[in-house]
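I have placed the structure first, in the form of structure tokens, so that the comments after it can refer back to it.
The values are calculated or read from the model by the stated rules, or taken from the named source; none is laboratory data. Remember, it's a predicted structure, so these values are computed and weren't measured experimentally. Note that we place each Cβ from the backbone using ideal geometry, even for glycine, and neighbour counts take in every protein chain shown. What goes into the accessible areas is simple: the full protein's heavy atoms, side chains included, and nothing from ligands, DNA or RNA. Shrake-Rupley method; radii C 1.70, N 1.55, O 1.52, S 1.80 Å.
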Amino acid sequence: MKSNNRPFFKYLAYALLIILMCVLQSTPKLLPVVWGSKPFLLLSMALAVTAYEDFIPSVITAAVCGIFADCNSGGTIGYFAISFTIVCALVWSLSGLYLNATLFTFIVTSAAAVVAVLGVHFILFRLIAGVPDAGALFAGHYLSRMGLTLLCAVPLYVVTGFLHRSFTAKGSLY
């Protein structure tokens with residue numbers, strides 16, 4: 001009797017990547033600060049998995065990445081889990097229904113998702129909260145974080161694609 005453990009190992013690899021992104025993102029002074037901020041690796045990871053997986057695994061991965069991001073952020077409990085889940089569901093629906101799955105469409109949809117998640121975060125938790133000099137904060141921190149997150153999404157897209165192709169069953173050889 002032959003068992004097919006490929007999906008288990010694929011999701012285990014995704015889980016290890018999520019944990020690695022969480023550690024890289026949350027360890028102080030591990031990643032260099034570029035242009036005033038660091039990339040949001042968990043959002044990049046959620047978007048990369050969404051590019052290759054079906055709806056349910058994509059949404060679950062986005063929620064898990066959001067939960068880890070909430071635990072690391074220290075304050076906005078629930079925002080990232082909800083926003084990652086909604087944005088990844090919308091990206092999956094848009095990509096699945098209207099767009100061809102290519103690197104270019106991944107970059108475009110990921111750019112929109114990153115701007116949506118971090119832009120709404122800025123509006124809700126900085127602008128409405130009345131943080132002084134919010135425009136300088138947005139220009140100096142949020143814009144660079146959006147760009148770095150999108151930049152880090154591309155290598156994660158490639159790695160996730162490799163894992164997806166490696167662990168997806170191609171049919172029986174026997």
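Structure notes:
- When 60, 86, 67 are checked against the criterion of being without any contact (Cβ under 8 Å) to a residue 24 or more places away in the chain, surrounded by 15 or more Cβ atoms within 10 Å (Cβ to Cβ), under 16 Å from residue 109 (Cα atoms) and of a type outside the set (Ser, Thr, Tyr), 86 stands alone in meeting it.
- Residues of segment 1-24 that turn out to be closer than 27 Å to residue 102 by Cβ and buried (at least 17 other Cβ atoms within 10 Å of the Cβ), as a count: 7
- The lone exception for residue 132 - which of (1) outside any loop (DSSP other than H, G, I, E, B); (2) open to solvent by 50 Å² or more (accessible area, probe 1.4 Å); (3) more than 17 Å from residue 42 (Cβ to Cβ); (4) without any contact (Cβ under 8 Å) to a residue 40 or more places away in the chain it fails: (1)
- Residue pairs meeting the criteria (Cβ under 6 Å; at least 6 apart or on separate chains; first farther than 22 Å from residue 162 by Cβ, in segment 94-114; second at pLDDT below 95 and among the small types (Gly, Ala, Ser)): none
- Residue count, segment 40-73 (criterion: in a loop (DSSP other than H, G, I, E, B) and either among the polar types (S, T, N, Q) or within 9 Å of the chain's Cα centre (by Cα) (or both)): 1
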